[in-house]
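Accompanying notes for the structure given below.
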Amino acid sequence: MLKFKHLVLAIATVFAAGGAAHSSSATTLDDIKARGSLICGVLGTSQPYGYINAQTKEVEGYEVDLCRMVAESLGVKAELKVTSSEARIPELMQGRVDMLAALISYSPERAQQIEFSNSYLRENFGFLVSKDAGVTKLSELDGKRLGMNKGNFLEALTKVKLPNASIIAFEEQPAAFVAMQQGKVVGIAGRFSSLRVLQMRAGDNARPTEIVSEPITTQSCGFIVRKGETAFRDYLNTFLSHLEASGKAEKLYTKWLGADSAYKFERTFKVGDPL
């Protein structure tokens, strides 16, 4: 695991020089060190980022390993708190977690409430389609019936990029997948990794599907800390830069998303890049 022996000392120097402007950050990191643990909020149903292993009953994944590595760099234990997409930011704001690694993509609106680190993930979003639909590129979905989660940001984006498509909203992505299997929609929207999970779980008797290689958008995720905790954010940025430079970022991606995983995705970004 990573050892950043000089990072804590560097942050302590920043605290001493920063005064009141960094008091919130200093308090949070002082609490982490005094407690001896970093409370990190992660998801529990988002394979391969944060999910409960059916055999071990333990939470694991790409973001879970990142939390453990941050804790290691601080010289404390990782305390993983499983949260949901709806509760993750409120959990942070209410002080129940120190930070989040929970698939939170940057947006200007969110940045008014919370601090984003630089990125540790960049992923494509697009469509899974029935192979017999004959769709090979994104534009060919215009005019088709497409399923997606109700209220998902992809709904508004699809209306702009595929204005003639008919959007059918579902409460959950698996329900949209069933509708595609039944021929009620041609394709369903989501992040590429979640679409791949649906394919893997479908079984041998399922209607063949494929992911349209051209994404409708690409988004980046970073660690999240409370607004104003700029020193904590800067620490995380330095951590991410070291992760990339050491080669550990590549190993982590290979394990969960790349050649050693069921996804076989190619990494096209550098950990620590700006969002």
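Rundown of residues vs (1) at pLDDT below 95; (2) assigned to a helix (DSSP H, G or I); (3) assigned by TED's automatic domain parsing to the domain that holds Ser119, yes/no style:
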{"site": "Ala16", "(1), (2), (3)": "yes, yes, yes"}
{"site": "Gly19", "(1), (2), (3)": "yes, yes, yes"}
{"site": "His22", "(1), (2), (3)": "yes, yes, yes"}
{"site": "Thr27", "(1), (2), (3)": "yes, yes, yes"}
{"site": "Leu38", "(1), (2), (3)": "no, no, yes"}
{"site": "Gln55", "(1), (2), (3)": "no, no, yes"}
{"site": "Asp65", "(1), (2), (3)": "no, yes, yes"}
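Evaluated against (1) farther than 28 Å from Asn53 by Cα; (2) touching a strand residue (DSSP E or B) at 6+ places or on another chain (Cβ under 7 Å); (3) of a type in the set (A, V, I, L, M, F, W, C); (4) assigned by TED's automatic domain parsing to the domain that holds Gly61, Leu275 falls short on exactly one condition, (4).
Which of the residues spanning the stretch 195-231 are small (Gly, Ala, Ser), surrounded by fewer than 21 Cβ atoms within 10 Å (Cβ to Cβ) and closer than 30 Å to Ile114 by Cα? Steps first, please.
First, pick out the residues of the stretch 195-231 that are small (Gly, Ala, Ser): 202-203, 206, 213, 220, 222, 228, 231.
Adding the requirement that they be surrounded by fewer than 21 Cβ atoms within 10 Å (Cβ to Cβ) leaves 202-203, 206, 213, 220, 228.
The answer is Ser220, Gly228.
Residues in the stretch 178-234 that are among the aliphatic types (A, V, I, L, M), touching a residue at least 12 places away in the same chain (Cβ under 8 Å) and over 16 Å from Gly134 (Cα atoms): Ala179, Ala189, Leu195, Val197, Leu198, Met200, Ala202, Ala206, Ile216, Ile224, Val225, Ala231.
The set of residues in the stretch 85-94 that are of a type outside the set (Asp, Glu) and at pLDDT below 95 contains only Ser85. Considered as a group, the residues in the stretch 132-170 that are more than 24 Å from the chain's Cα centre (by Cα) and at pLDDT below 95 include one that is nearest to Ile211 (Cα to Cα), and that residue is Thr136.
Counting the residues of the stretch 257-272 that are touching a strand residue (DSSP E or B) at 6+ places or on another chain (Cβ under 9 Å) and closer than 14 Å to Tyr62 by Cα gives 4.
Confirm whether Ser117 is surrounded by fewer than 22 Cβ atoms within 10 Å (Cβ to Cβ) and either assigned by TED's automatic domain parsing to the domain that holds Pro174 or not charged (D, E, K, R) (or both). For Ser117, the condition - surrounded by fewer than 22 Cβ atoms within 10 Å (Cβ to Cβ) and either assigned by TED's automatic domain parsing to the domain that holds Pro174 or not charged (D, E, K, R) (or both) - is not met.
Do the conditions hold for Ile104, that is, is it modelled with pLDDT of 95 or more, at negative phi and in contact with a Cys (Cβ under 9 Å, 6 or more places away or on another chain)? Can you show your working first?
Values: modelled with pLDDT of 95 or more: yes; at negative phi: yes; in contact with a Cys (Cβ under 9 Å, 6 or more places away or on another chain): yes.
Considered against the rule, which asks whether it is modelled with pLDDT of 95 or more, at negative phi and in contact with a Cys (Cβ under 9 Å, 6 or more places away or on another chain), Ile104 comes out as yes.
Where helices (runs of 4 or more DSSP H) fall wholly inside the stretch 173-275, the ranges with 1 or more residues that are within 17 Å of the chain's Cα centre (by Cα) and aliphatic (A, V, I, L, M) are 192-201, 230-246, 248-256.
The values are calculated or read from the model by the stated rules, or taken from the named source; none is laboratory data. The shown structure was predicted, so the numbers you read here are calculated from the model rather than taken from an experiment. For neighbour counting, all protein chains shown are included, and Cβ atoms are generated from backbone atoms with ideal geometry for every residue, glycine included.
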